[in-house]
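A.B. asks: Structure incoming, see below.
The values are calculated or read from the model by the stated rules, or taken from the named source; none is laboratory data. Please read these numbers as outputs of a predicted model, since none were measured by experiment. Cβ placement follows ideal geometry from the backbone for every residue including glycine, while neighbour counts extend to all protein chains displayed. Surface accessibility is based on the protein's heavy atoms, side chains included, excluding ligands, DNA and RNA. Shrake-Rupley method; radii C 1.70, N 1.55, O 1.52, S 1.80 Å.
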Amino acid sequence: MNHSDNGGETMIDVNEITQQMSDLDEAALLQSLAEVINAGPESALAALQACQAGLEQVGKRFETQEYFLSDLIYAGELMTDAAALLKPALAEAGTATLGKLVICTVKGDIHDIGKNIVVTMLGAAGFDVIDLGVDVAPEVIVQTAIDNDVKIIGLSSVLTLAVDSIQATVDAFVAAGLRDQVKIIIGGNPVSATVCEKTGADAWAHNPQDGVTICRGWAS
Amino acid sequence: MIIIGEKINGTIPSTGVAIASRDSAFIADLAVRQSEAGADFIDVCASTAPEVEVEALKWLIDIVQSVTDVPISIDSPNPHAIKAVFTDIEKPGLINSVSLEADKTEVLFPLIADTEWQVVALLCDNNGIPQTSEQRLEIARQTIDCAVGYGIAPSRLHIDPLVISLSTDQTSMTKFIHCCQEIKSWYPEIHITSGLSNISFGLPLRKSINQSFLVLAMGAGMDSAIMDPLDRDMLATLLGTDALLENDRYCRKYTTAYRQGKIGKSKN
């Protein structure tokens, strides 16, 4: 059992929180988080990580077809609520932000379900996420990165055609002379190691949790 | 959606035999399985000869209460039989039913006036089931006024507009929809219920008609049903329709029922 103890007042059980998130047991999770907030800042960070671990399990249960798309959306909402609840306590703990990150669905593609789930998880992980939405042109992405001094770019796609837009976006960073100053991660149905190499992106992911882990590695 | 599980009813041949032979295991099994399937009330109807009905009801009530916490829907055409077993029922449930026939409201409304009991009210009177929806709505008005007079709030009423079989009345469904919408416009918090299967009497493929009825009736505001929760197809239709009507956040009840094997292909 992994307990976080704050002055011996309240014990929180992070495994229980992970399980509650994984089971999408909203009532129990909110109850646990309320106890965490009372237990103090240190517990809040442990609880947030426990929620993230639970969300990762939700992703796995989705892959095995135990969970459905509506469950995944629900999990995203729960994670957003959890992060919002824990935010004040986390701020008190002086938890460092992982910095800014730009994400969007690339030009010619309007699918945003997967992207939105990743946005939620990146936010929960501590990133200051700039979400440009869907069907976003390369020049908009580059300009946003310049204006906000952003070092990490996330490009989402579902359509095979969108691979061309990924290529165009990477090329736009090259043309702007910024390619060596940003890390680009691509995600979604059509991406693969081959696509990643061909387009010149830095990394790729199908699983939201993998994507978050990669971004976190870059940020630190 | 409120599900009133109909399986413990002496008019169903196998249940009738179980009641006559006092086969308590059979009754207990029906109570447990309906509870597990998600019934909000377990209907208990003896359908025996009048002189032995009270005894049969008491026997049924004892069994149901010993195996499930789901409240009982006490079902008899005789209000005095309901009154006679009322105190045997441990927690507030549902009276099934009153109407403006004879002394039903006078016997049963005072009984539940200061309780949390709910009650099914059929839209018929001493002249039977009215032909037009206007006449039924008039009965609904009188019934609701009468209930409110006893301090029974509309939210405790399940109005059953009564369904004539489609085979004998082509306007049966449209009348039902009209009644639903009108009554809900008076009191949004009132429940509308129905015994689903009457609609398909005399037609082939009754299940298909019953499912279509359920969907259309729920669309018109019906939020309670006297049905068999062990009918997987019917339950799937009900849960799917409830999700479509925005009554199931993130489709949780629908997907959970599927995961638990209550709907979809049987895993047994």
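A.B. asks: Could you please tell me which pairs satisfy a Cβ distance under 8 Å, a separation of 6+ or placement on different chains, a first residue in region B:11-30 that is small (Gly, Ala, Ser), and a second residue that is open to solvent by 20 Å² or more (accessible area, probe 1.4 Å) and not in a helix (DSSP H, G or I)?
C.D. replies: B:Gly16/B:Ser47; B:Ala20/B:Thr48
A.B. asks: Which helices (runs of 4 or more DSSP H) does region A:1-95 wholly contain that include 3 or more residues that are surrounded by 20 or more Cβ atoms within 10 Å (Cβ to Cβ), within 13 Å of chain B (Cβ to nearest Cβ) and at pLDDT 85 or above?
C.D. replies: So the answer is A:69-92.
A.B. asks: Out of curiosity, is B:Ser212 assigned by TED's automatic domain parsing to the domain that holds B:Ile74, crowded, with 20+ Cβ neighbours inside 10 Å and among the hydroxyl-bearing types (Ser, Thr, Tyr)?
C.D. replies: When the stated conditions are applied, B:Ser212 does not pass them.
A.B. asks: If you don't mind, another one. Considering each residue of region B:39-69, count those that are assigned to a loop (DSSP other than H, G, I, E, B) and under 14 Å from the mean Cα position of the chain (by Cα), and give that number.
C.D. replies: From region B:39-69, those assigned to a loop (DSSP other than H, G, I, E, B) are B:39-40, B:46-49, B:68-69; that's our starting set.
From what is left, the residues that are under 14 Å from the mean Cα position of the chain (by Cα) are B:39-40.
Total satisfying the criteria: 2.
A.B. asks: Which condition number does A:Val119 fail, the rest of (1) free of Cβ contacts under 8 Å to residues at least 40 places away in the same chain; (2) not assigned by TED's automatic domain parsing to the domain that holds A:Ser157 being met?
C.D. replies: (2)
A.B. asks: B:Ala236 passes all but one of (1) among the small types (Gly, Ala, Ser); (2) in the same structural domain as B:Arg141 (by TED's automatic domain parsing); (3) out of contact with any strand residue (DSSP E or B) (no Cβ under 6 Å at 6 or more places or on another chain); which number fails?
C.D. replies: (2) is the only condition that B:Ala236 fails.
A.B. asks: Out of the residues in region B:229-268 that are within 13 Å of another protein chain (Cβ to nearest Cβ) and closer than 22 Å to B:Met173 by Cβ, state the one that is most open to solvent (accessible area, probe 1.4 Å).
C.D. replies: B:Leu244
A.B. asks: Let me ask something else. Residues in region A:177-220 that are at negative phi, in contact with a helix residue (DSSP H, G or I) (Cβ under 7 Å, 6 or more places away or on another chain) and either open to solvent by 50 Å² or more (accessible area, probe 1.4 Å) or in contact (Cβ under 8 Å) with a residue 60 or more places away in the chain (or both): how many?
C.D. replies: Here the count works out to 10.
A.B. asks: Consider region B:84-105. How many of its residues are touching a residue at least 24 places away in the same chain (Cβ under 8 Å) and either hydroxyl-bearing (Ser, Thr, Tyr) or within 20 Å of B:Asn126 (Cβ to Cβ) (or both)? Before the answer, list the steps.
C.D. replies: Within region B:84-105, the subset touching a residue at least 24 places away in the same chain (Cβ under 8 Å) is B:84-86, B:88-90, B:92-105.
Filter once more, so that each one left must be either hydroxyl-bearing (Ser, Thr, Tyr) or within 20 Å of B:Asn126 (Cβ to Cβ) (or both): B:95-105.
Selection size over region B:84-105: 11.
A.B. asks: Moving on to the next point. Out of everything in region B:190-203 that is out of contact with any helix residue (DSSP H, G or I) (no Cβ under 7 Å at 6 or more places or on another chain) and open to solvent by less than 40 Å² (accessible area, probe 1.4 Å), what residue ends up being farthest from B:Ile4 (Cα to Cα)?
C.D. replies: Step one: of region B:190-203, the residues out of contact with any helix residue (DSSP H, G or I) (no Cβ under 7 Å at 6 or more places or on another chain) are B:191, B:193, B:195, B:198, B:201-202.
Within this subset, residues satisfying the condition of being open to solvent by less than 40 Å² (accessible area, probe 1.4 Å) are B:191, B:193, B:195.
Values: B:His191: 12, B:Thr193: 9, B:Gly195: 9 Å.
Once the filter is applied, the top-ranked residue is B:His191.
A.B. asks: Oh, and also: Only residues that are surrounded by 13 or more Cβ atoms within 10 Å (Cβ to Cβ) and small (Gly, Ala, Ser): list them for region B:154-189, please.
C.D. replies: Those that are surrounded by 13 or more Cβ atoms within 10 Å (Cβ to Cβ) and small (Gly, Ala, Ser): B:Ser165, B:Ser167, B:Ser172.
A.B. asks: Checking B:Pro92 against (1) under 20 Å from B:Ile4 (Cα atoms); (2) open to solvent by 30 Å² or more (accessible area, probe 1.4 Å); (3) not in a loop (DSSP other than H, G, I, E, B), which test does it fail?
C.D. replies: (3)
A.B. asks: On to the next question. Does region B:218-228 contain any residue that is among the aliphatic types (A, V, I, L, M) and either outside the structural domain of B:Ser208 (by TED's automatic domain parsing) or open to solvent by 40 Å² or more (accessible area, probe 1.4 Å) (or both)?
C.D. replies: Taking region B:218-228 and keeping what is among the aliphatic types (A, V, I, L, M), we get B:218, B:220, B:222, B:225-227.
Now drop any that are not either outside the structural domain of B:Ser208 (by TED's automatic domain parsing) or open to solvent by 40 Å² or more (accessible area, probe 1.4 Å) (or both), which leaves none.
No, every residue in region B:218-228 fails to be among the aliphatic types (A, V, I, L, M) and either outside the structural domain of B:Ser208 (by TED's automatic domain parsing) or open to solvent by 40 Å² or more (accessible area, probe 1.4 Å) (or both).
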